[in-house]
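The values are calculated or read from the model by the stated rules, or taken from the named source; none is laboratory data. Here the structure is a predicted model, which is why all the values come from computation and not from measurement. Heads up, the Cβs are rebuilt from the backbone with ideal geometry, glycines too, and the neighbour counts pull from every protein chain shown.
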Amino acid sequence: MLNRFRRYLLSFVVILVAACSADEGPAQSAVSNLSEADAQFVADSVEYLERLEKMGFAGGVQISRGDQTLLQAGYEFADRESETPWSKNTVSTIGSITKQFTGAAILLLQEDGSLSVDDPITNYFEGVPENKQAITLHQLLTHSSGIVDLEGLSDWDPIGLDTYIKRVMAQPLEFEPGSSFAYSNTGYSLLAAIIEQISGVSYERFLQERLFLPAGMTDTGYIHVAWDDARVAIGYQADERWGTVLERPFDEDGPYWALRGNGGIHSTAADMVTWAKALMSGSVMSKQSMDAYWAPHVDEGFGESFYSYGWVVTQGPGDRRMITHNGGNTIFFADMAIFPHDNVVIVLQTNVVSDWPLANQLVEIISARLFEGEEFPLVPDRVDADADAITAFVGNYVFGEGEQKLDYVVSAEGGELLVSSGNPLSFSYMHSTRDVDMERCGRLSNRIAEIVAAYVEKDDLEPLFEAYGGRAPLEALEQGWAVRKQREQEEFGALLGFSVLGTAMRNGRDVTLARHRFENGHADTAFVWDPEEKENLLGRSGRGLDPVLRFVSTGESMFGSWDGGFSESRPLHFDSDSLTLAGAAGDIVAVRGR
């Protein structure tokens, strides 16, 4: 089996500057030109990303400030079978980042005098029903049209334009046009259809001729770029090969209409930085168009981020203006952020987001370190460990007695240690990431025990309804439990009962974990509480908290926890017959049971 942690790359973890002219002499190393703060940022970033690579991250990262490339790095494999590492030349889908090209294309057509963003869609489509006749191109661009994605249609379904438009026009609106926000891939596919209608060429051909080639982008597109297959990243889900977007069904001139214009474009990190620089230089479109392109048009509903024309406008670290967008399909993921006033661009691509959801936060983490000097989250510095040496630490570890007893079970799996708690008190100390209030933990655990007992034993959802403060309809809760119970019993057999594993006080929330026990297994549910309220239940999650902490070896008798990056790593070490685990409430010390 391929060792996913094997290191191959970083031969191009380089720091570059634009070459000087002959009159200026040879190019200087960027290291000597960087400020002390930037040099430290680069060193810290390389160490952080190398540690993430050892924990399973694979992808490419490029960070530029002006003409300087601060970091251009690749981690792990773009193709595991051929052991091709990620590099600056790796081509990967950028998902919904595609939308910014659609937005730019519409604005160029407006500059040409071919359309206006204020045009109603009736100018471009026949048979528009009355409830959609007032929808404008601006509303399609800003996800404020009320048109939502077609139910049951995948990105790869071979649907032609006429059929696609008929289905879109026939479906009900989510809301009155212009009255709200709802992210809509469909709206951008309609815009792509308008681009083709006006230009007389395919969507991709228009982008190539008016955007990509003028900007100096030679590695971006759907099918018109003749990439060597060896350069295209392969997507993975666990140990299974998912493949590439380009291997899925395409029409002869690009994707079918569920994907065209809203996603699926392929590019390299270097090309996307080139695009960002072209935008900031003003060479892509007029100043008037750029002002509209990056204007905060519609509130996304969070009060702090606004949708523009294929971009999100928000406040980044230190209240800097940040222009950003990401995209993915649960296998591939790409993220991009531009800080115009600082002339900084950050681009990230990965082919393992299904197993590595922390990728969604990396651009935010990197920019916070770059601009505000915030420390990178602690990641264990993983080292190879002998399996026999690891199993020597397996066993039960206890501290104290009675109600104050801490009880931990240590097991080994795949070269890692797994630590689970034997009682709610142990659970709280092990999983909390801020100071532990045991009275509150006990109260929340008891409340969940009452709620779960009611619906498991009596199909009574009233206590859960009350915990939500009536915000979730009782009928919906009852229906949801009936569906879940049937699904879990089909998978695990008869429901035998439940237990509450405990409550953890996490950053920004408190979480109580309950377990449904079945004949042939179990299923866990995390109940999430508002940490500012005594008993204000916010929601439930099937993946909210793993009851088992995984630890990787960091040295002799030394380990570090890793939960995929949702929490900072915590050190664990063994000394003779005891273990010591650092925790929010102080070190946990327990002795192996005899």
Check: When Trp275 is evaluated against the numbered criteria (1) buried (at least 20 other Cβ atoms within 10 Å of the Cβ); (2) within 20 Å of Gln139 (Cβ to Cβ); (3) of a type outside the set (S, T, N, Q), which criterion, by number, is the only one it fails?
Finding: (2)
Item checked: Within the stretch 29-118, helices (runs of 4 or more DSSP H) holding 3 or more residues that are outside the structural domain of Val552 (by TED's automatic domain parsing), of a type in the set (Asp, Glu) and surrounded by fewer than 24 Cβ atoms within 10 Å (Cβ to Cβ) -> 36-54
Check: Going through the stretch 392-445 one residue at a time, which ones are over 22 Å from Phe566 (Cβ atoms), of a type in the set (D, E, K, R) and free of Cβ contacts under 8 Å to residues at least 12 places away in the same chain?
Finding: Glu401, Glu439
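Considering only the stretch 519-563, give the strands (runs of 3 or more DSSP E) lying wholly within it that have at least 3 residues that are touching a helix residue (DSSP H, G or I) at 6+ places or on another chain (Cβ under 8 Å) and more than 26 Å from Val379 (Cα to Cα).
Numbers: elements: 521-529, 537-541, 549-555, 558-561.
Of the strands (runs of 3 or more DSSP E) lying wholly inside the stretch 519-563, those with at least 3 residues that are touching a helix residue (DSSP H, G or I) at 6+ places or on another chain (Cβ under 8 Å) and more than 26 Å from Val379 (Cα to Cα) span 521-529.
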Margin query: Can you say whether Asn326 is in contact with a strand residue (DSSP E or B) (Cβ under 6 Å, 6 or more places away or on another chain), under 28 Å from Thr90 (Cα atoms) and assigned by TED's automatic domain parsing to the domain that holds Ser184, as far as the supplied structure shows?
Written below: yes
Checklist line | Unique residue being assigned to a loop (DSSP other than H, G, I, E, B) and free of Cβ contacts under 8 Å to residues at least 24 places away in the same chain when the list is Gly470, Gly480 | finding: Gly470
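Taking Ala504, is it assigned to a strand (DSSP E or B) and farther than 15 Å from Arg517 by Cα?
Taking the combined requirement at face value, the residue satisfies it.
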Next item on the list: Considering (1) in contact (Cβ under 8 Å) with a residue 24 or more places away in the chain; (2) outside the structural domain of Lys99 (by TED's automatic domain parsing); (3) surrounded by fewer than 18 Cβ atoms within 10 Å (Cβ to Cβ), say which one His341 fails and leave the rest.
Entry: (1)
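To keep it simple, each residue is scored yes or no on (1) among the small types (Gly, Ala, Ser); (2) crowded, with 18+ Cβ neighbours inside 10 Å; (3) within 29 Å of the chain's Cα centre (by Cα).
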{"residue": "Leu477", "(1), (2), (3)": "no, no, yes"}
{"residue": "Ala504", "(1), (2), (3)": "yes, yes, yes"}
{"residue": "Val548", "(1), (2), (3)": "no, no, yes"}
{"residue": "Phe551", "(1), (2), (3)": "no, yes, yes"}
Item checked: Matching residues in the stretch 212-222 - criterion: being surrounded by fewer than 22 Cβ atoms within 10 Å (Cβ to Cβ) and either aromatic (Phe, Trp, Tyr) or in a helix (DSSP H, G or I) (or both) -> Leu213, Pro214, Ala215
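Does at least one position in the stretch 344-352 carry a residue that is free of Cβ contacts under 8 Å to residues at least 40 places away in the same chain and farther than 17 Å from Gln62 by Cα? Reasoning before the result, please.
Restricting attention to the stretch 344-352, the residues satisfying the condition of being free of Cβ contacts under 8 Å to residues at least 40 places away in the same chain are none.
No, because not a single residue in the stretch 344-352 is free of Cβ contacts under 8 Å to residues at least 40 places away in the same chain and farther than 17 Å from Gln62 by Cα.
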Margin query: Looking at the stretch 28-43, can you tell me whether even one residue there is at pLDDT 95 or above and either touching a Pro at 6+ places or on another chain (Cβ under 9 Å) or among the acidic types (Asp, Glu) (or both)?
Written below: no
Notebook entry, point to check: How many residues, within the stretch 514-530, are buried (at least 17 other Cβ atoms within 10 Å of the Cβ) and in contact with an Asp or Glu (Cβ under 6 Å, 6 or more places away or on another chain)?
Noted result: 2
Notebook entry, point to check: Only one residue in Thr314, Thr324 is within 20 Å of Gly263 (Cα to Cα), assigned to a strand (DSSP E or B) and not hydrophobic (A, V, I, L, M, F, W, C). Which one?
Noted result: Thr324
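This table checks each residue for (1) touching a strand residue (DSSP E or B) at 6+ places or on another chain (Cβ under 6 Å); (2) modelled with pLDDT of 95 or more.
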site	(1), (2)
Leu191	no, yes
Gly221	no, yes
Ile234	yes, yes
Leu246	no, no
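Just to check your reading of the model, which residue among Gln288, Gln361 is in a helix (DSSP H, G or I), surrounded by fewer than 18 Cβ atoms within 10 Å (Cβ to Cβ), of a type outside the set (Lys, Arg) and in contact (Cβ under 8 Å) with a residue 12 or more places away in the chain? Full working, then the answer.
Details: Gln288 fails: in contact (Cβ under 8 Å) with a residue 12 or more places away in the chain.
Exactly one residue qualifies, and that residue is Gln361.
Is it the case, given these coordinates, that Glu535 is under 30 Å from Ala454 (Cβ atoms) and more than 26 Å from the chain's Cα centre (by Cα)?
yes
I want to confirm something. Restricting to the stretch 233-248 and keeping residues that are of a type in the set (D, E, K, R) and either in contact (Cβ under 8 Å) with a residue 24 or more places away in the chain or assigned to a strand (DSSP E or B) (or both), which single residue is nearest to Ile223 (Cα to Cα)?
Taking the stretch 233-248 as the starting set, the residues that turn out to be of a type in the set (D, E, K, R) are 239-241, 247-248.
Then drop every residue that is not either in contact (Cβ under 8 Å) with a residue 24 or more places away in the chain or assigned to a strand (DSSP E or B) (or both), which leaves 239-241, 248.
Values: Asp239: 28, Glu240: 25, Arg241: 22, Arg248: 12 Å.
Per the criteria, the residue is Arg248.
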Margin query: Being of a type outside the set (A, V, I, L, M) and under 30 Å from Asn423 (Cα atoms) is the filter here; which residues of the stretch 382-397 pass it?
Written below: Arg382, Asp388, Thr391, Phe393, Gly395, Asn396, Tyr397
Next item on the list: Check off (1) surrounded by 14 or more Cβ atoms within 10 Å (Cβ to Cβ); (2) under 17 Å from Asp437 (Cα atoms); (3) at pLDDT below 95 for Glu533 and give me the number that stays unchecked.
Entry: (1)
Item checked: Number of positions in the stretch 218-245 that are closer than 21 Å to Arg205 by Cα and within 20 Å of the chain's Cα centre (by Cα) -> 1
